[in-house]
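Take a look at the structure set out below.
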Amino acid sequence: MSSLTNKVAVVTGGGRGIGQEIARALAAQGAKVAVVSRSASSCGKAAEEINAAFPGSATAYAVDVADHAAVQELAKTIGEDLGTVNILVNNAGITRDGLLMRMKEEDWDTVLDTNLKGAFNTVKAFMRVLMKAEDPRIINIASVIGLIGNAGQTNYSASKAGLIGFTKAVARELAGRQVTCNAVAPGFITTDMTDELPDAIKEAVVSKIPLGVFGETKDIAEVVTFLASPAARYITGQVIAVDGGMTM
Ligand code: NAI
């Protein structure tokens, strides 16, 4: 039996990149996975690819995690479709980079609404179910940028630092019910998000990574799968950096 047989997982931002890899890795361990992303085409395609490898494991849901009411509705629908949710992975995240001097209010709000309020919305929507589930887990995908900051990313840094604080407070509030809540802080991982960076910036970043390369989506998915498993039952309120040594 795989480590997540009979478990139900929700992965936000599961349409591509790190989220899709996490959804796939959880399915590989036997979980039924709700793949959530903003567009139906993106989560539909990701679910199709996962089902090709692990038939019947993935279901797609097109929802904006920043929309509080829509996320409440999503929790109801997933409960009806897949049953009791055991694992919630808050991975949906966006960037709207620019120096603070030029940053528009809208760039600040949009990033905070998805990256931080999105996690508030999902935890609120699923917490009652998680409190009664077997081996309940909340895993938030933060970023090393939430730990060390980055010029041009005040909004993103604040959202991810906020997500880390949220993780620790949720871990304390829900510990009595054996719900664990941890954050994974990826360093620079090759995805569509980092592909957008100019080559000069990529080279400058690599020079600061002790292991000397960008990470891969699998590096994050492996850690998330472990945290989601029964083996990780005694770990809560932690931030695990998966960053090639950048923040040691
Ligand atoms: P990506 O841009 O490739 O994928 C993000 C996914 O989230 C997409 O499927 C998108 O549709 C979905 N999404 C965005 N906003 C959403 C919303 N409001 N509601 C529902 N779904 C939404 O991003 P990537 O690189 O895979 O990143 C995933 C997470 O990992 C993000 O939280 C990001 O901040 C974090 N991260 C990524 C790093 C990297 O180097 N790629 C480094 C550190 C953290």
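The values are calculated or read from the model by the stated rules, or taken from the named source; none is laboratory data. In this text, all values refer to a predicted model and were calculated from it rather than measured experimentally. Positions of Cβ are backbone-derived with ideal geometry, glycine not excepted, and every protein chain shown enters the neighbour counts. For the accessible areas, the whole protein counts, side chains as well, though only heavy atoms, and no ligand, DNA or RNA atoms are used. Shrake-Rupley method; radii C 1.70, N 1.55, O 1.52, S 1.80 Å.
In table form, for the structure just shown:
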{"quantity": "Unmet criterion (only one of (1) open to solvent by 40 Å² or more (accessible area, probe 1.4 Å); (2) assigned to a helix (DSSP H, G or I)) for residue 213", "calculated": "(2)"}
{"quantity": "Test result for residue 195, touching a strand residue (DSSP E or B) at 6+ places or on another chain (Cβ under 8 Å) and within 13 Å of the ligand (Cβ to nearest atom)", "calculated": "no"}
{"quantity": "Filtered residue count, the range 17-34, keeping only those that are within 11 Å of the ligand (Cβ to nearest atom), open to solvent by less than 10 Å² (accessible area, probe 1.4 Å) and farther than 11 Å from residue 92 by Cβ", "calculated": "2"}
{"quantity": "Qualifying positions in the range 123-180 - in a helix (DSSP H, G or I), over 24 Å from residue 241 (Cβ atoms), more than 16 Å from the ligand (Cβ to nearest atom) and not basic (Lys, Arg)", "calculated": "127, 129, 130, 131, 176"}
{"quantity": "Pair list, Cβ under 7 Å, 6 or more apart: the range 47-76 residue within 14 Å of the ligand (Cβ to nearest atom), other residue part of a helix (DSSP H, G or I) and of a type in the set (D, E, K, R)", "calculated": "50/24; 66/113; 66/117"}
{"quantity": "Residue count, the range 1-16 (criterion: within 16 Å of the ligand (Cβ to nearest atom) and among the polar types (S, T, N, Q))", "calculated": "1"}
{"quantity": "Criterion (modelled with pLDDT under 95, open to solvent by 20 Å² or more (accessible area, probe 1.4 Å), assigned to a helix (DSSP H, G or I) and not acidic (Asp, Glu)) met by exactly one of 218, 202", "calculated": "202"}
{"quantity": "Residue match in the range 90-106 (condition: more than 10 Å from the ligand (Cβ to nearest atom), closer than 24 Å to residue 196 by Cα and in contact with a strand residue (DSSP E or B) (Cβ under 6 Å, 6 or more places away or on another chain))", "calculated": "no"}
{"quantity": "Pair list, Cβ < 6 Å and 6+ apart or interchain, from the range 188-202 residues that are of a type in the set (Asp, Glu) to residues that are near the ligand (Cβ under 7 Å from one of its atoms)", "calculated": "192/17"}
{"quantity": "Residue among 129, 184 that alone is buried (at least 21 other Cβ atoms within 10 Å of the Cβ) and of a type outside the set (Phe, Trp, Tyr)", "calculated": "184"}
{"quantity": "Failed item, numbered, when residue 208 is tested on (1) in a helix (DSSP H, G or I); (2) away from the ligand (no atom under 12 Å from the Cβ); (3) over 15 Å from the mean Cα position of the chain (by Cα)", "calculated": "(1)"}
{"quantity": "Criterion violated by residue 82 - all others in (1) touching a Pro at 6+ places or on another chain (Cβ under 8 Å); (2) under 19 Å from residue 15 (Cα atoms); (3) away from the ligand (no atom under 15 Å from the Cβ) satisfied", "calculated": "(1)"}
